[in-house]
C-alpha cells in the first residue's frame, strides 16, 4: 500500500537523521528517563522517543501499532482496530486518533500479512512554546495497552 511505504520511508529517514531521546544524571535522586520498547511505533514526523522541532502551532502524527488479536493469520482470524488516544503532557490536552487494521497482500503470492496503522490529523494537537511530550496509547478489545512518546519542540 502506498501510504504504508511512505510512512515506513519517513520513519527510516527520521531514525537515521535524528537523535534518540533519553536523559541521565549522576544525581541519585533524579529520575532517569529512557525510551522503552512498545507496541506503538511513530513514523511521522519522527521515530519513537525522538525530538522534532517545528515553528507550527500544531503537529500531525502517524505510525503503526501491535496486531490484535494474537494469532492473526489473515485467513481465519482478521486483525481488529486498536483504540488510539493521545496526550500532550505539556498542555494537558487529550484526544482520539484513528486506526486502520487490514491484511496486506504480498505481491506474487496468495499470502497476506496483518497491518495496523494509526494517525492523528493536523490541527488536533496544539503545541505550547518549548517542549511538548506527546504520548500515544493503543488499547485493544482484549485490554492490552501500549504507550510510546515523542517530544515536539515548538520554536
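Tabulated data for the structure shown
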read-out: Single residue of 74, 35 found to be surrounded by 14 or more Cβ atoms within 10 Å (Cβ to Cβ), in a loop (DSSP other than H, G, I, E, B) and on the phi > 0 side of the Ramachandran plot; value: 74
read-out: Matching entry among 150, 125 (being in a strand (DSSP E or B) and modelled with pLDDT of 95 or more); value: 125
read-out: Near pairs, Cβ below 8 angstrom, 6+ apart or cross-chain, from the range 128-155 (without any contact (Cβ under 8 Å) to a residue 12 or more places away in the chain) to any residue that is buried (at least 17 other Cβ atoms within 10 Å of the Cβ) and assigned to a strand (DSSP E or B); value: 145/137; 145/138
read-out: Which listed residue is over 13 Å from the mean Cα position of the chain (by Cα), surrounded by 14 or more Cβ atoms within 10 Å (Cβ to Cβ) and without any contact (Cβ under 8 Å) to a residue 40 or more places away in the chain, from 93, 111, 124, 80; value: 93
read-out: Given (1) within 20 Å of residue 115 (Cβ to Cβ); (2) at pLDDT below 95, number of the condition residue 84 does not satisfy; value: (2)
read-out: Condition met for residue 53 (under 18 Å from the mean Cα position of the chain (by Cα), assigned to a loop (DSSP other than H, G, I, E, B), modelled with pLDDT of 55 or more and under 30 Å from residue 155 (Cα atoms)); value: no
read-out: Considering residues of the range 127-149 that are surrounded by 15 or more Cβ atoms within 10 Å (Cβ to Cβ) and more than 14 Å from residue 39 (Cα to Cα) only, the residue nearest to the chain's Cα centre (by Cα); value: 134
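The values are calculated or read from the model by the stated rules, or taken from the named source; none is laboratory data. Everything numeric in this text was worked out from a predicted model, so none of it was measured. Heads up, the Cβs are rebuilt from the backbone with ideal geometry, glycines too, and the neighbour counts pull from every protein chain shown.
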